Structures are given as C-alpha cells and as structure tokens.
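The values are calculated or read from the model by the stated rules, or taken from the named source; none is laboratory data. Predicted, not measured: the structure shown is a model, and the values here were computed from it. Cβ coordinates were reconstructed from backbone atoms using ideal geometry, including for glycine residues, and neighbour counts include every protein chain displayed.
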Amino acid sequence: MKFLTLIFLILFFYCAAANHYGCNNVPCGPGRICLKLRGVCSCIEIPKCKEVILTTKCIGTWQFEGKTYNQYDVTITNYLDFDITQIFIGIDESFKLHADNLWNAERCGNGNELTLPHYQPSINKNASFTFGFILCGNDKPNLSILAVTY
C-alpha cells in the first residue's frame, strides 16, 4: 500500500501544468485527474475515499429591475492525502456572472475555467477553501473539476 501511495505521489508531482485541461486538451471527467509522466499523459481515477469535492450553495436571491440575481458560495474540500497546489474548475453557459462579481477565485485559460487566486497558493489535505460569485438569472451553475495539481 505504501508503494502505491508513493507511485501516486510521484505521478501527481509530474503532472504537466501546460496540459491542465486534461490529456491532450480533453477533459478527464469527474473523479479523474490528468497525469503526465515521461511524456505519457493519462487520466487516472481518484479513489472514492480520497477525493476533491465541490459543494455549491445558493446563499441569497433577489430581484432588481426585473432581473433575478443569485449569490453562491462554492467550497472546495480536499480529502486527498496531499496538498492541492492548483485546481481548474470548468464552467459553462450557465455561469452568467453579474458585473465580474467573483471573489476568492480567478478566471483563466479561455474564460471557461476558474482557478485558485494568486494569494491562495494551496489547499491543504483535509482542508477547505471557499469562493463565491453572483449570477444573473435562475440557472444553477454547472461546475466541474477539470484537473488538480499536487
């Protein structure tokens, strides 16, 4: 078991930052992570008992000039045995940000991803980090973990 944990650590250490969106720019999917070792890229499954979870919670709703606005908090919880040094969260057309109201996270890439802000260098193992935003409309945001770096 210790040998497998060591291999897992080594693989995460060599994850290619330039290829953060997935393997060959294809997302690995929920519960999977992109790893690159010796030039070979692969998606591996994160064990169910050791994962990173996004919890989205609507903490306020209001109407103004005929439009509906919703404020959300999103908590990233790291149940892995390692500190997360970077995370990339995918967003889609449901993410109708109102007037750049996004805090404790930054948009990156082509604008379809969120990541940790520059002042938050990591999320420790068994710890959480919360970011928030305000969306225009009634659509609940679709967020998905694209990649995690350790």
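Picking from residues in segment 127-140 that are modelled with pLDDT of 95 or more and not hydroxyl-bearing (S, T, Y), the one that is surrounded by the fewest Cβ atoms within 10 Å (Cβ to Cβ) is A127. For the condition among the hydrophobic types (A, V, I, L, M, F, W, C), in a strand (DSSP E or B) and on the phi > 0 side of the Ramachandran plot, A147 does not qualify. As a summary of the residue check, S122 satisfies the conditions (1) touching an Asp or Glu at 6+ places or on another chain (Cβ under 7 Å); (2) within 19 Å of C28 (Cβ to Cβ) except for the one numbered (2). Restricting G66, G60 to residues that are surrounded by fewer than 17 Cβ atoms within 10 Å (Cβ to Cβ) and either under 15 Å from T130 (Cβ atoms) or touching a residue at least 60 places away in the same chain (Cβ under 8 Å) (or both) narrows the list to G60.
To keep it simple, each residue is scored yes or no on (1) in contact with a helix residue (DSSP H, G or I) (Cβ under 8 Å, 6 or more places away or on another chain); (2) farther than 29 Å from E45 by Cα.
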residue	(1), (2)
L97	no, yes
R107	no, no
F129	no, no
N138	no, yes
T149	yes, no
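Criterion first (in contact with a strand residue (DSSP E or B) (Cβ under 6 Å, 6 or more places away or on another chain) and farther than 15 Å from G132 by Cβ) does I53 satisfy it? When the stated conditions are applied, I53 passes them.
Scanning segment 85-96 for residues that are closer than 19 Å to I134 by Cβ and either assigned to a loop (DSSP other than H, G, I, E, B) or in contact (Cβ under 8 Å) with a residue 60 or more places away in the chain (or both) gives I91, D92, E93, S94, F95, K96. Answer yes or no as to whether A99 is hydrophobic (A, V, I, L, M, F, W, C), assigned to a strand (DSSP E or B) and surrounded by fewer than 18 Cβ atoms within 10 Å (Cβ to Cβ). Yes.
Close Cβ contacts (under 7 Å, 6 or more residues apart or on different chains) running from residues in segment 117-138 that are closer than 16 Å to L54 by Cα to residues that are among the small types (G, A, S) comprise F131/A105.
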